[in-house]
Structure formats: C-alpha cells, structure tokens
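**Student:** First, the structure itself, so that you have it in front of you.
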Amino acid sequence: MINLNQTLPRRTFLRGVGATLALPLLDSMASPVRASAPPIRVGYVYTPNGIVGACDKSPRPFMWTPKTSGANFEFSPTMKALEPFREKLNVFSGLAQVNGRALGDGPGDHARATATFLTGVHPYKTGGADFRLGVSADQIAARELGKQTQLSSLELGLEPQPLAGNCDSGYTCAYMSMSWRGANSPLPAEINPRAVFERLFGDGESTDPTVRTARLEQQKSVLDYVSHSLARLHQRMGAGDRRKIEEYLDSVRDIERRIAVAEEQSHTLTLPEIERPRAVPDDYVQYSKLMIDLMVVAWQTDMTRVASFMLGRDGSNRAYREIGVPDGHHSISHHQGDGEKLDKLIKIDELHVGMFAYLLQRLQETRDGDGTLLDHSLVVFGSSISESNIHTHDDLPIVLAGTANGQIAGNRHLVYGKETPLNNLFLNMFDLAGLPHVDGFGDSTGRLTQL
C-alpha cells in the first residue's frame, strides 16, 4: 500500500511499484485485430561459430556455398534441408560484418561476432559495465512494428547470456547478446520456455480465454490504483523525483495501451490451445522445437511481429550427443583441417540448418489471412563468422526466407562484392516490412541491389 501520510523513500517506492507491475500479462495478453492486409513479421535466427564451407578459405568450400549463382541453383549438402522452401528462399554470398574483426583490439572474435551480427558496430572492448555498442536491426524494426502489438519484440535463446563477467578475451558477457535496444542496453535472450509462455499468455496453466479475461480486469484495477496514487504523490515530490515519476508514468500509460489493445482483440481471435511448459528439455532438438513453436504462436496471434532466436552462443562448448558429437562445439571449430573434426562440425551445421528448416515448416503450415505466415514474413538465418578455424567475418553464411506479402522473389543465390555490409540487407528488410525510411545504421552503405 502507498501511504501518502508518511515519508516514503523514493527507491523503496519505485521498487514496490515495480513489483506491483511486474506481472507477466502486462507485456502480452491477447493479440490485436488483424488488418485487411496481413502484417509482415521479421525474424533473425543466429547460428554460432560459423559454418563449414561458407567462404573460399574453408577446406570444404562447397558444403555451404552453392556452386552457381542466380535462379535454380543446386542446394549444397549442408543446406539441403531448406530445399523444400526454395521458392521462398534467397541465399547470399559476399556479405560481411567487418566490425567483427579485431581492428586493433586483439582476440575476442566470438564476442565481436555476436555483438556485430545485428548492429554492424565494433564493440568497445571492456570487461566492465562501461560496455558500448549500438542499436540492433531487430530493435529498429520493433520500434515501429511494436506500436501495433502487445510485445514489441521477442528475444529467444538456448544458452545463458549473463550481463556481467568476462566472456571472451577481455570482452564483457554483455556482448554475447545480439539484441540491443541502445548503445548501453543489451537484451539477453530468454532461454526458459516456461518464462516465454508466461510472457506471452500469463502465469496460468493454459491459454483459457475466460481466465485471461479475468486477468485483464485485474491488471486494469492495479494500473488504475497505481496511476491515481502516483498522481497524488507527484504533488509532494521535488523536481527531480517528479521527473522520475513522469518517466515511470509513461511506462504505465504504455501498459494501459497494451491492455486496451488486448481487450479490443479478446473477442476476435481464438488462441491456440497450449499448456505451460514444465521444464527445459534435455534434448537439444526438442528444446529448439519448443522455443520455435513459441515463436511461431507469438507471430500467429500477432502478439509481436519481431523475434530473434539464438541457436547457440558464439564460443559455446555445447556438446551435441543427440547427433553423436560429444565434443565441445567451440573446441572442434578450431579444426586445423582435421577431417574428423570437420565431419563433426558439419553434423552440427546440418542440425542448426535443420532447426531453421523446422521453423520454416511451421511458418509454412500456419495459415495467416489469405496465405501462410511464411508468405507474410522475412526471416534471416546466419552467423557473423564464416570460417571458424581462423575467425573470418566476410563471406558470411546468410539465408533470407519469406516473401513479405509477395514483394520479394525466391529461388535465388545472390552474389555480392566482397565485404558488402550485411547491414545493407537489413535496410532492405526494413523497407519490405513497411518501416519509415531508415537512412542507415551501423556500417551500412546503402540497400542491396538485385533484391
């Protein structure tokens, strides 16, 4: 309770109100009304530690890169699982994130790879809290597309992403997050499927509409109480504290907007029947598919139109015993041309591509308006390292799936000049998703031609 007759320390008050508002349903409770033209969803899927054959320095150069450019190219062995989606797929060669290189900062390519993938900004090398990067592509998209949804964006992953500590040769662990709201604001991926469910549907055991409606009313009551109490307390505060409360009230008003959208949609969209996940699966494939299913349903219900998913952390030594690879991924990524290590790496590459194929399959089979979610999406898959053994950051393995409501053709292998910024592709994606014109960000030099 807020007692206006007593002096209340500001930090205590803000912490108390924060706890009052820290209810999962406040971020997403139902989905907004569909527009006559289905909205475009934008996704970013990251695979760590590069892909064998992504550049000409690889000992097996054609495991990834198609041998011919243009239409009707032959799918390489590693990307074979993507062939069923040929007509809605573009493969890119020549793109780079050159700011992933040392540029005088010494070792730390894995931290730089993750940090630069969606930003194109060279991270300030530090192991402390003074980290500095830039806004990521997904968050630029979320600023606009998130105006119409309960959740501006969804960040998913499969491995922990701490914000403190030294994770790679003097680089703070904060750089292991690929999504950044601002230069000093990393957004670590959520790795617990139960927490993702609660963020999307609340803390109930299912998506039962009656229970959800009751929670909406409860949230409205909480917000009304907090807003009125803050308004009264506002008069007793100094200028500095009033400014803080105004900033906080802006957040409250945004939550109120989300609730209003949720109420408007509560009678127009039937949520799929989903039970709350009980635990993190031990099996990598089951774990990945569960997170992908949550991402798809978030798009299906239009709770968000922007999502990112990290299939693993760069520099991770996860073992993949499910496919007969007990070795640590990062350890064998420094293969030094050893055939046995390369064979194991290729298995991991195929597994990650297979998970991306599963995402495309789920999008393809999910009806959305007059088509499917894949028809109305743009999903990029790739890494910010190509050849893992020597940490190259050019000729990146990049695939773009989806047609953005028929705006983009598929079935193409598009080859660009070496060191063409990957961020140029992201500018094209902004345009296709209907964002107001973005002049540039990171190291972009302009839109890609041919696309």
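The values are calculated or read from the model by the stated rules, or taken from the named source; none is laboratory data. From a predicted model like this one, the values you see are computed outputs, not experimental measurements. Virtual Cβ from ideal backbone geometry, glycine too; neighbours counted across all protein chains shown.
Yes or no, residue by residue, for (1) touching a residue at least 40 places away in the same chain (Cβ under 8 Å); (2) in a strand (DSSP E or B); (3) at positive phi:
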| residue | (1), (2), (3) |
| --- | --- |
| Leu342 | yes, no, no |
| Leu374 | yes, no, no |
| Ser384 | yes, no, no |
| Glu387 | yes, no, no |
| His393 | yes, no, no |
| Leu400 | yes, yes, no |
| Gln407 | no, no, no |
| His437 | no, no, no |
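**Student:** Given the conditions (1) crowded, with 22+ Cβ neighbours inside 10 Å; (2) at positive phi; (3) of a type outside the set (Ser, Thr, Tyr), report the number of the one that Gly324 does not fulfil.
**Tutor:** Here Gly324 meets the rest and fails (1).
Here's the yes/no breakdown for (1) of a type outside the set (S, T, N, Q); (2) assigned to a loop (DSSP other than H, G, I, E, B); (3) more than 29 Å from Tyr284 (Cβ to Cβ):
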| site | (1), (2), (3) |
| --- | --- |
| Val42 | yes, no, no |
| Gly53 | yes, yes, no |
| Pro66 | yes, yes, no |
| Thr78 | no, yes, no |
| Gly104 | yes, yes, yes |
| Ala113 | yes, no, no |
| Gly127 | yes, yes, yes |
| Arg143 | yes, no, yes |
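**Student:** Tally the residues that are over 28 Å from Pro436 (Cα atoms) and among the acidic types (Asp, Glu), restricting the search to the range 142-192.
**Tutor:** Result for the range 142-192: 3.
**Student:** List, please: which pairs have Cβ atoms under 7 Å, are six or more places apart or on different chains, and start with a residue in the range 186-203 that is basic (Lys, Arg) and end with one that is part of a helix (DSSP H, G or I)?
**Tutor:** Short answer, once both residue conditions are applied: Arg199/Pro24.
**Student:** Something else now. Across the range 291-324, what is the total count of residues that are among the small types (Gly, Ala, Ser) and outside any loop (DSSP other than H, G, I, E, B)?
**Tutor:** Qualifying residue count, the range 291-324: 3.
**Student:** Surrounded by 14 or more Cβ atoms within 10 Å (Cβ to Cβ) and at pLDDT below 90 - does that describe any residue in the range 151-162?
**Tutor:** Yes, the range 151-162 contains at least one residue that is surrounded by 14 or more Cβ atoms within 10 Å (Cβ to Cβ) and at pLDDT below 90.
**Student:** Tell me, which residue of the range 170-187 that is touching a strand residue (DSSP E or B) at 6+ places or on another chain (Cβ under 7 Å) and farther than 25 Å from Gly106 by Cβ is surrounded by the most Cβ atoms within 10 Å (Cβ to Cβ)?
**Tutor:** Among those that are touching a strand residue (DSSP E or B) at 6+ places or on another chain (Cβ under 7 Å) and farther than 25 Å from Gly106 by Cβ, it is Ser179.
**Student:** Would you be able to say whether some residue in the range 163-175 is under 18 Å from the mean Cα position of the chain (by Cα) and charged (D, E, K, R)?
**Tutor:** No, the conditions are met nowhere in the range 163-175.
**Student:** Now for a different question. What pairs come out if I take residues in the range 112-134 that are in the same structural domain as Leu187 (by TED's automatic domain parsing) and pair them with residues that are β-branched (Val, Ile, Thr) and in a loop (DSSP other than H, G, I, E, B) whose C-beta lies under 6 Å away, six or more apart or interchain?
**Tutor:** Taking only residues 6 or more apart or on different chains, the pairs are Ala113/Ile385; Leu133/Thr119; Leu133/Val121; Gly134/Thr119; Gly134/Val121.
**Student:** Of everything in the range 66-88 that's exposed (fewer than 12 other Cβ atoms within 10 Å of the Cβ) and in contact (Cβ under 8 Å) with a residue 24 or more places away in the chain, which residue is farthest from Gln407 (Cα to Cα)?
**Tutor:** That would be Thr68.
**Student:** Sticking with this one: Among the listed residues Asn90, Asn49, which satisfies the condition of being under 19 Å from the mean Cα position of the chain (by Cα) and assigned by TED's automatic domain parsing to the domain that holds Glu350?
**Tutor:** Exactly one residue qualifies, and that residue is Asn49.
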